[in-house]
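Heads up, the thing below is written out as structure tokens.
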Amino acid sequence: MTVTFPQKGLPWLLLLPQLLVTAVFFLWPAEQALEQAFYQEDAFGLSREFVGLDNFLDLFTDPLYYQSMLTTLVFSFSVAIFGMSIALLLAVMADRVIRGKLTYQTLLIWPYAVAPALAGVLWWILFDPSMGPIALWLESMGLDWDHYLNGGQAMILVVIAATWKQISYNFLFFLAGLQAVPRSLIEAAAIDGAGPFKRFWTIVFPLLSPTTFFLLVINLVYAFFDTFGVIDATTKGGPGQSTNILVYKVFEDGFVGLDLGSSAAQSVVLMAIVGVMTVIQFRFIERKVQYS
Amino acid sequence: MIENRPWLTFVGHATLWLGVALVALPVWMALVASTHPASAFGVGHIPLWFGDAGVETWKSVLLEEAGNGIESSVTFMMLNSLVMALGITFGKIAISLLSAYAIVFFRFPFRNFCFWIIFMTLMLPVEVRIVPTYEVVANLGLLNSFTGLTLPLIASATATFLFRQCFLSIPSELVEAARIDGAGPFRFFFDILLPLTRTNIAALFVILFIYGWNQYLWPLIITTDNAYYTLVMSIKRMLSVTDGDIEWNRIMATTLLAMLPPVAVVIGMQKLFVKGLVDAEK
């Protein structure tokens, strides 16, 4: 039990800045979104009428919204799975080497600091159909690359850009997880004649499962909400709807399409999704404490 | 090392070098692209080796104007980015330190309720409620201002949690001793708490600086005045040039300059950065 100070007014004064910012810039807009979701506004913003659950009904009967959900799932799981697989491979290798571990770490983690939008632009020029070296190389191999027209290829481009940025994060956490695996266990297995691959799959990988699950949640949250810049700087949700993930759609329908009611309803749905993911994250972290 | 397997060691190094090369590939290309004149990009492919127009482009981008419709120089936008990043970082750290202090070291009604309010910000990232947040900031007259760029982003549940954890781990004997020696809440905060949490603050500073510098959507929608453009969002404006061709050499130079400060921070303060990442996820 911590010893406390007796003052009664002071704590409120100390909390005031945080609570004020939270109330004005977080809770008020969230409340506005909630309210707006039940109204239909005309295009000029002059009048609005109460429409009840119509915005939500429209949303959930709109095939485009389901398509966007599907796109988000494909995008997020691709980013999470590729990013984690590559990072795990690199982390296992880095855990093995004796010389130069820190150098490798330095050379692998810096993309964390690159803004998602910039990551998108960097990969865009590599894949630009008229001048990008990779696109031209693919073409010479007989594969027509044009992410301006081909939705699947546009998706591949944004997945690569988003994954590239996230490998560093996964790498650091996998490396820390690997270093926490007791050496004695691995030695015992080696003495019993298990080779490196068998040791990895039967001992190391199962012991890493808390890290893996934690990273899966973090990566999905990242792909859901932090990749706006990648999409906006490269494909803008296109071609067609092929890369229009939920967090991009809510922006586009609100700011470009000016359909405020629908955008607000989408905000409410997204807030619910973040809420669920945050709870999962916290539940898990409570469990992780018991693991160790 | 459990056993000596030379071929596996070799595979390890080879894989890591391949990984390093793949990670560096786009930056290498961007660097090469920035050294060629704009006219080199229309004719088939980006040259794969450095050209000789690099110095000119970089100088012009840094000192004159970024081009592609942006009149400000990169240096000017870097200052804007720096003000925004530092504003967000110091703001978040300051108000989170204060609120964690209040929650841990005082007892008052609705203490848990306040904690939950702060917790809720975690569930409301700006991207998902972008339209109403824009309206609120517009109503307050904060568009095109540094206050508008920083203030709405400085509430932080993560930082508050982190400091709360730090404060809770401080032995109560220390607090008692300070109380007996007559230290009031202010003295205790500045002379004991701050020095004890110094490394945590520094680690969080690194993470938050990167977060602040890389803000993209928020500056993009609330600034329409060149004077407030930040570096990361200016790329988007440069890409959406309507008349004439995109000057890729300038865009690549600007992109590299936009990522330089946070990347330098990660590499230069690697230990603090790693600590910050791990701390922030606890």
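The values are calculated or read from the model by the stated rules, or taken from the named source; none is laboratory data. Note that this is a predicted model, so its numbers are computed, not measured. Methodologically, a virtual Cβ is constructed for each residue, glycine included, from the backbone with ideal geometry; neighbour enumeration extends over all protein chains shown. Keep in mind that these areas ignore ligands, DNA and RNA; they rest on the heavy atoms of the full protein, side chains included. Shrake-Rupley method; radii C 1.70, N 1.55, O 1.52, S 1.80 Å.
Taking 15 Å as the cut-off, no amide N atom of the range B:218-260 comes nearer than this to a point 7 Å along the Cα-to-beta-carbon line of B:K59.
Considering only protein heavy atoms and a probe of 1.4 Å, how much of the accessible area of chain B is carbon and sulfur, as a whole percent? Write out the running numbers ahead of the final one.
Values: 7910 of 12070 Å².
Summing carbon and sulfur atoms, their accessible area is 66 percent of the total for chain B.
The Kirkwood hydrodynamic radius of the protein assembly as shown, based on inverse pair distances between different Cα atoms, is 25.6 Å. Buried area at the A:B interface is about 9400 square angstrom, summed over both chains, from accessible surfaces computed with a 1.4 angstrom probe.
Note on exposure: A:W28, B:W116, B:W58 ranked by accessible area (1.4 Å probe, complete protein assembly) read B:W116, A:W28, B:W58, with the most exposed listed first. Is the C-alpha gyration tensor of chain B telling us rounded, prolate or oblate? Criteria: a/c under 1.5 is rounded; beyond that, a/b larger than b/c is prolate, otherwise oblate. It comes out oblate by the Cα gyration axes. The magnitude of the dipole of the range A:57-291, with charges of +1 and -1 set on the Cβ of Lys/Arg and Asp/Glu and taken from the Cα centre, is near 1180 debye.
Positive end of the charge dipole of the range A:57-291 (Lys, Arg +1 and Asp, Glu -1 on Cβ, about the Cα centre): tell me which of A:I245, A:P133, A:F174 has its Cα farthest that way. Looking along the dipole axis, the top candidate is A:F174.
How high is the relative contact order of chain B, in percent, counting Cα pairs under 8 Å that sit 6 or more residues apart? Intermediate values should be presented prior to the final figure.
Values: 279 pairs, mean separation 86.0, N = 282.
Result for chain B is 30 percent.
Express the accessible area of the protein assembly as shown per residue in Å², computed with a 1.4 Å probe while the remaining protein chains stay in the model.
Using a 1.4 Å probe on heavy atoms only, each residue of the protein assembly as shown averages 43 Å².
A simple spin-label model places pseudo-atoms 7 Å from Cα toward Cβ; at B:W116 and B:L194 they are separated by 3.4 nm.
Considering only A:S168, A:S85, A:S263, the mean-square fluctuation computed in a Gaussian network model of chain A, springs between alpha carbons under 10 angstrom, is largest for A:S85. For chain B, a simple Cβ point-charge model (Lys and Arg +1, Asp and Glu -1, everything else neutral) yields a dipole of about 960 debye relative to the Cα centre.
Here the Debye sum runs over all C-alpha atoms of the range A:147-200 as equal scatterers in vacuum, and log10 of I(q)/I(0) at q = 0.12, 0.13, 0.22, 0.31 Å⁻¹ comes out as -0.53, -0.57, -0.83, -1.07.
If contacts are Cα pairs under 8 angstrom and at least 6 residues apart, what is the relative contact order of the range A:143-292 in percent? Provide the component values of the computation, followed by the final result.
Details: 99 pairs, mean separation 40.6, N = 150.
Value for the range A:143-292: 27 percent.
Using the beta-carbon distance between B:D245 and B:L174 and R0 = 56 Å, what value does 1/(1 + (r/R0)^6) give for FRET efficiency, to the nearest 0.05? Each step should come with its number before you reach the end.
On the way: r = 65 Å, r/R0 = 1.16.
E between B:D245 and B:L174, to the nearest 0.05, is 0.30.
Looking at chain A as a GNM with Cα springs under 10 Å, which of A:T235, A:T106, A:T278 has the largest mean-square fluctuation? Checking each option, the largest mean-square fluctuation is seen for A:T106.
Mind checking the dipole of the protein assembly as shown: about its Cα centre, +1 per Lys or Arg Cβ, -1 per Asp or Glu Cβ, Debye to the nearest 20? With only Lys, Arg, Asp and Glu charged at Cβ, the dipole is about 2460 debye.
Projecting the Cα atoms of B:V175, B:L31, B:F209 onto the dipole axis of chain B, where Lys and Arg carry +1 and Asp and Glu carry -1 at the beta carbon, places B:V175 farthest toward the positive end.
If I compute solvent accessible area with a 1.4 Å probe over the protein chains, what percent of it on chain A is carbon and sulfur? Can you show the working numbers first?
Values: 8710 of 12790 Å².
Roughly 68 percent of what the probe reaches on chain A is carbon or sulfur.
Computed over chain A, the Cα gyration tensor eigenvalues convert (square root of 5λ each) into semi-axes of 39, 31, 17 Å, ordered from largest to smallest.
When you filter the GluC sites (Glu not before Pro) in the range B:1-92 for DSSP loop state and at most 11 other Cβ atoms inside 10 Å of their Cβ, you are left with B:E3.
Angle check, please: helix B:198-213 long axis (alpha carbons) against the longest principal axis of chain B (alpha carbons), in degrees 0 to 90, nearest 10. Relative to chain B, helix B:198-213 is tipped by roughly 40 degrees.
Over 25 Å between Cα atoms, which of A:K165/A:K198; A:K236/B:K271; A:K165/A:K236; B:K59/B:K275; A:K198/B:K275 qualify?
Check vs 25 Å cut-off fails for A:K165/A:K198; A:K236/B:K271; B:K59/B:K275; A:K198/B:K275.
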